[in-house]
Amino acid sequence: MIVLKRTLIAFVKEALRSAALLLLVTLAMFAVLSTAPGDPVSLFVNVQSLSADELAEIRHELGLDRSLPARYGAWLLRLSHGDLGTSLRSGQPVTVELWRTGWRTLLLAGSAMLLTLFYATMAAALSALGRRPILSAILTSFGYVLSGLPVFWLGYLAIYIATTRFKVFPVMMGVSDTSTWSYFWVPVVVLGLGNGTVSEVTRYLRTHLSTVLAEDYIRTARAKGAVLLKHLYKDGFVMPLTSLLANKIPYVLSGAIVVEQVFNWPGMGRLAWQAASDRDYPILLGVVLVSALFVRAAHVIKGAVQVAVNPQLAE
Amino acid sequence: MPRYLEHASEPSGWQRMRLWGFGRAFAMVYGLLVAATIMVVYLCSVLGWLPHDPDAMDLQSINTLPSAAHWLGTDFVGRDLLARLMLGTKAFFLPGLLSIGVCLIGGALLGVLAGFWPERFSTPLGLLLQLLESLPKLVLILLVVALFRPSIYIVLLVVGLTNIPAAAELLRARISVLRRKSYIEAAIALGLPTWRVIGKHVLWLHGRGLFLVQATIGMAEAILIETSLSYLGFGVQEPTPSWGNMVALGKDYFFRGELWISTLPALAILITILGFHVLGDALLARLEERSAA
């Protein structure tokens, strides 16, 4: 019971902090947008064809004659109602576009993150425990190679192998048929192994595990012949893995942009790519906010889990 | 003494190899070699010392594998791949250095401020750090691309700027340890001017290793971002070669089984990024060893 309460408090605390940070993100984004070159009016009308008076009127209607803080306030108010504006390209509300694509990216990035952590845990645990030195050396050095390989080439290779060797291709995602799920794992594997964080995550986990393994309580557990994992899992795995989840998810999301491009995965990354080509900045703004939301969500999970495991962190 | 010596269990073969320092020495040599090669190749490409004209098309020999005439083969219009690969270093070298420079200067400034006057600068730095850690870098860059259509220099300048808080935080953490050391206190008590304490005792004697590590990581990141962006079509544009757009251009041939055009620049990216990564790791390990001693 007390664990539950503690966790809940930590969850709320972390969520509040994240909300404050997201507010800061909106402020930063507004600042960036207000430095954008060009007259915003020119997005709506042909500036040359209007007189100064008419222009001034349009400015007034759009609220552009007000001070920056007032505009930020108005913008934030609309944001709080879930109104992110409309896409300049498709004319659809940004939120609709984000709903359509966001879950796919979350699925891709989330699965890939789990794969990264799984691979790194294997390599790190084998190495730190000193078991199977050859295998652990192979896994570790392969991790180094993976973290240097450009993820787009890894994607090409995966597509090539999958089409020529396994004949499981080439289906475009988003087309609603059943074959998409057999294809799902290819981009996940590519992003999971190729997002460039594998070697770093492995190294971190190994160092952490070695430190924990050298603790007295682990020696005691070993001496009395207890199941090592039972004593090890909290400090050795849960804590670093949740930290890594929160810290590395931005890198995986960055990688997802490239991987979605390679695999034609109709997620947020492709949306962002398209928007960057079209200078469709309301969409990009939405993508920035949603990815920040994903990252902060990971931090909230991390905060809650870590406090549940280690009460000392509650202070 | 390394930590694993205290282990109850016997060190594994892998650990024993690390004990000899063979792995680390190898990493250091490999990393330095890569860094030196990149620098030499960049200078060659600036001076125009290329084995072939990188834009000269030779329709008689397209998609060839390495041969005596073209050491690394040719692409789909018969341009020499070695020349294009060498010229590709231009796409990231100077912008990368710019990114590193901005990051280190800004990081030093902010880190010193937050380290020596934590009550005033520590909180803003922490906030800034958390803010930037919440945003995937490539998403942020795409926003910048959409708004300003910047050149690769500006993009990597932005990357450098976004790396400032992380570099500053590393320095701040180091300074907060250093400040309690008696020789820093002594230096201040002896009446050395503050700038001298900061410049010599903190930044030079303790910060440079940290900065060197940051620089190697920064270069690896610059290459990663430049190639990714060029791959996506927002960075360096054809016909100017970048390792990223070279991979992208070989795509159609890759799926038909002519793997070489895409694979060669990908290998170049791998070897280079790996080089900077292991160099950074080796430097960091050395640094930690020294500060522990």
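Observations on the model:
- Here the range B:85-292 is assigned +1 on the Cβ of each Lys and Arg and -1 on the Cβ of each Asp and Glu. Its dipole about the Cα centre then comes out at about 660 debye.
- Comparing mean-square fluctuations of A:SER90, A:SER18, A:SER199 from a GNM of chain A with C-alpha springs under 10 Å, the top value falls on A:SER90.
- Model label sites at A:ARG222 and A:HIS60, defined 7 Å from Cα along the beta-carbon direction, differ in position by 8.0 nm.
- Positive-end extreme of charge dipole, the range B:199-268 - chosen from B:LEU259, B:ALA220, B:PHE234 (charges on Cβ): B:ALA220
- Cross-link partners for B:LYS181 among the lysines, with Cα-Cα distance under 20 Å and sequence neighbours closer than 8 places in the same chain left out: B:LYS200.
- Applying 0.36 nm per residue to the separation of A:ASP53 and A:ALA19 and subtracting their alpha-carbon distance, the gain on full extension is 8.1 nm.
- Checking the cross-link pairs A:LYS234/A:LYS302; A:LYS5/A:LYS302; A:LYS248/B:LYS90 against a 25 Å limit on the alpha carbon distance flags A:LYS248/B:LYS90 as lying beyond it.
- With Cα atoms defining each centre, the range A:255-275 and the range A:104-148 are spaced 24 Å apart in the structure.
- Dividing the convex hull volume of the alpha carbon atoms of the protein assembly as shown by its residue count gives 214 Å³ per residue.
- A straight line joining the Cα centroids of the range A:13-30 and the range B:140-156 runs 24 Å.
- Charged-residue dipole, Cβ positions (Lys, Arg, Asp, Glu), the protein assembly as shown about Cα centre, Debye nearest 20: 2320 debye
- Ranking A:VAL94, A:PRO311, A:ALA276 by Cα position along the charge dipole of chain A, where only Lys, Arg, Asp and Glu carry charges on their C-beta atoms, puts A:PRO311 farthest toward the positive end.
- Taking the range B:85-292 and dividing mean pair separation by its residue count, relative contact order in percent (alpha carbons under 8 Å, at least six apart): 27 percent
- Burial ordering of A:SER34, A:SER67, A:SER141, A:SER127, fewest other beta-carbon atoms within 10 Å first: A:SER67, A:SER34, A:SER141, A:SER127
- Solvent-free Debye scattering, log10 I(q)/I(0), computed from the Cα coordinates of chain A at q = 0.08, 0.09, 0.12, 0.16 Å⁻¹: -0.50, -0.62, -0.96, -1.32
- Chain B: most fluctuating residue of B:ASN163, B:ASN63, B:ASN245 per GNM, C-alpha cutoff 10 Å: B:ASN63
- The helix-based estimate of mean residue ellipticity at 222 nm for chain A, built from -39,500 (n - 2.57) per DSSP H run of four or more residues and divided by its residue count, is -24500 deg cm²/dmol to the nearest 500.
- Cα gyration tensor category, rounded, prolate or oblate, for chain B with a/c compared to 1.5: prolate
- Placing pseudo-labels 7 Å out from each Cα toward the beta carbon at B:ARG256 and B:THR123 gives an inter-label distance of 6.4 nm.
- In percent, rounded to a whole number, the relative contact order of the range B:81-161 is 52, using alpha-carbon pairs under 8 Å and six or more apart.
- Helical content alone sets the calculated 222 nm signal of chain B at -23500 deg cm²/dmol, taking -39,500 (n - 2.57) per DSSP H segment of four or more residues and averaging over every residue.
- Residues A:HIS299, A:HIS208, A:HIS231, ranked from the fewest to the most other C-beta atoms within 10 Å, line up as A:HIS231, A:HIS208, A:HIS299.
- Under 17 Å of direct C-alpha separation, and excluding same-chain neighbours fewer than eight residues apart, B:LYS251 reaches these aspartates and glutamates: A:GLU260, B:ASP75, B:GLU238.
- Burial ordering of B:ILE269, A:ILE159, B:ILE217, B:ILE188, fewest other beta-carbon atoms within 10 Å first: B:ILE188, A:ILE159, B:ILE217, B:ILE269
- Largest GNM mean-square fluctuation across A:SER147, A:SER49, A:SER291, computed for chain A with C-alpha springs under 10 Å, falls on A:SER49.
- The range B:146-240: relative contact order as a whole-number percent, Cα under 8 Å and 6+ apart: 33 percent
FYI, it's all coordinate maths here, none of it is from the lab. Bear in mind the structure is a predicted one, so any value in this text is a computation, not a measurement. We place every Cβ from the backbone using ideal geometry, glycine too, and count neighbours over all the protein chains shown.
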